[in-house]
Amino acid sequence: MKIAMIGTGYVGLVSGVCFSDFGHDVVCVDKDPAKIEKLNRGEIPIFEPGLDVLLARNVKAGRLTFTLDIKAAVSGADAVFIAVGTPARRGDGHADITYVMEAAAGIGAALTGYAVIVTKSTVPVGTNRAVQAAVRAAAPDARFDVASNPEFLREGAAIDDFMRPDRVVVGVESDRARAVMAEIYRPLFLRDFPVVYTDLESAEMIKYAANAFLAVKITFINEIAALCEKVGADIKSVSRGMGLDGRIGNKFLHAGPGYGGSCFPKDTKALARIGQDHSVPMQITETVIKVNDEIKRRMVEKIIDLCGGTISGKTVAVLGVTFKPNTDDMREAPSLIIVPALIGGGAKVRVVDPEGWREGTRLLPGVDWRDSAYEAAAGADAVVILTEWNEFRALDLPRLAGSMATPKMADLRNIYSAEKARAAGFTDYVAVGR
C-alpha cells in the first residue's frame, strides 16, 4: 500500500520507517527543509536505538522517501497519517491541535482519490470529527474516511513497541476504512498481535486513559516511597511484593524523581482539561499532576540534606539529564527542575549524559558539561544519579568515591545500595524510598 506520513517528528518518523519495513511504500512529509535534507542524507534528527539502520535499509529498498511536497505525497495514497505535534497549550493545558488541523486542510487540498486519513497524533476526544470537517471544507467532493490510530511507543524502545505491540487501536466507522487499516497492519495480525477496532471517540479516549493510568502508577509508587523512608520500609521490596499481583503488574512501579517526557505530562494535563470542559473533573489525574511536581522538588531537598543543609559553593556532579535512558528527549525531564534549583542554591553543577547534551546545552544554561561520570565527579562534593543510563549502572564506585572531595551519593534511581556504596568509600548515600 502507499502511505503518506505527515510529520517527521518522533511518532511520524518511527511509524513511517516501520511501515516501510512492513513492505509498504511510505513517503514522509515535513515543512522543515533542513530536516528533510538531513533525512535524505540518511541522518536521523532524533536519537532512537536502531532507527538509523532500519531507515537506511528501507531507503535502499526504495520503499521509503522524504519530501517537502505534501501534494505529491498524498496523491494516490491509500492512507494518509497525521503525525504532527500536539503540545500543551499555554495557560489552560489543552492539547493544541493547530498543526493537526493545518495538516487536515493540506491533505484535503491534495487528495486525488479515495484515502483513509488517519490521526496518529495524540488528540482530544472529538478531534477526528473536526479533521473530517476540515478535509470536507477543503475538498467538498473528496472521497475519504477518517480513522483514529493512537501510538503507544516508548522512547528508547519504539521500534520493538511498533513491531511487537501490546495492541493496536483503530477507530473506524466504515467497512472500507477498516479494510484499509487491516491491510496496513496485516503483518502484525498474522503474528497474532491484537488489533482493537472501535469508534473514533473511544480510540481517542483510550490513549489518554492509558497514559494517565501509567502516570498514576508511577506517582503512587513515588508517594509510597516517601512513606517508606519515614517508616523504615524498602520500596524495592514493596514494589516487588505489589507487582507480583497479576491484577497490578510490576511495570511502572519503580520509584524515582517523577515522570517526564513528551507524553505523560502533556496527556495528563489534557485529560484533566477535557474532564473540566465536560463537568466531569478528573480528580485522580489532577492530583497526580500536583504530586508529580512535588516529587521533583522533594528530590532537590534530598540532595541539599545530603550536602549538610546547604549546596552553596558545593560542586555537584549530575549523571543523566534526559527524562529516561536511550533517548535524547529532555521534555519535562526532572532535571529541568532539579538542576536549575541546584544552581539557584549556589552549587556548581557538572553534567554528563550520553545523548542529553544535544538539547541540554540550550535548556540547562550554567552547567559544566563533562564526558564521563569520573570526570564529572573528580573533586565534587556530591554525585547525583538522575537518569539510569546503562553506563551508570556498573560504575567503578571505589574509583568514583576516591576522586571526590566529599564522597556522597544521591541515587535517585535506586541503582545501587547503601551497603555497596559505603563499602566503596561513600560516606553518605541516599536513595528513594529506602
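General observations
- Criterion: in contact with a Gly (Cβ under 8 Å, 6 or more places away or on another chain) and at pLDDT below 95 - qualifying residue of Glu388, Glu332, Glu355, Glu359: Glu332
- Candidates Gly309, Gly256: the one that is modelled with pLDDT of 95 or more, under 25 Å from Asp166 (Cβ atoms) and either under 18 Å from the mean Cα position of the chain (by Cα) or assigned to a loop (DSSP other than H, G, I, E, B) (or both) is Gly256.
- Taking the stretch 79-193 and the strands (runs of 3 or more DSSP E) fully enclosed by it, the elements with 2 or more residues that are more than 23 Å from the chain's Cα centre (by Cα) are at 79-82, 115-119, 144-148.
- Between Asp96, Asp69, Asp92, the distinction of being touching a Lys or Arg at 6+ places or on another chain (Cβ under 7 Å), of a type in the set (Asp, Glu) and touching a residue at least 12 places away in the same chain (Cβ under 8 Å) belongs to Asp92 only.
- Residue in the stretch 270-279 that is within 21 Å of Ala226 (Cα to Cα) and over 16 Å from the mean Cα position of the chain (by Cα) present: no
- Comparison of Thr327, Thr361 shows that the only residue that is β-branched (Val, Ile, Thr), open to solvent by 50 Å² or more (accessible area, probe 1.4 Å) and under 30 Å from Gly85 (Cβ atoms) is Thr361.
- Residues that are buried (at least 17 other Cβ atoms within 10 Å of the Cβ) and farther than 16 Å from Thr119 by Cα, drawn from the stretch 2-25: Val17, Cys18, Ser20, Asp21, Phe22, His24, Asp25
- Only one of the numbered conditions (1) in contact (Cβ under 8 Å) with a residue 40 or more places away in the chain; (2) open to solvent by less than 30 Å² (accessible area, probe 1.4 Å) is violated by Ser239, and that is (1).
- Scanning the stretch 92-137 for residues that are among the basic types (Lys, Arg) and surrounded by fewer than 20 Cβ atoms within 10 Å (Cβ to Cβ) returns Arg129, Arg136.
The values are calculated or read from the model by the stated rules, or taken from the named source; none is laboratory data. Every value quoted in this text rests on a predicted model; they were computed, and no experiment measured them. Positions of Cβ are backbone-derived with ideal geometry, glycine not excepted, and every protein chain shown enters the neighbour counts. Please note that ligands, DNA and RNA were not included when accessible areas were found on the heavy atoms of the full protein model with its side chains. Shrake-Rupley method; radii C 1.70, N 1.55, O 1.52, S 1.80 Å.
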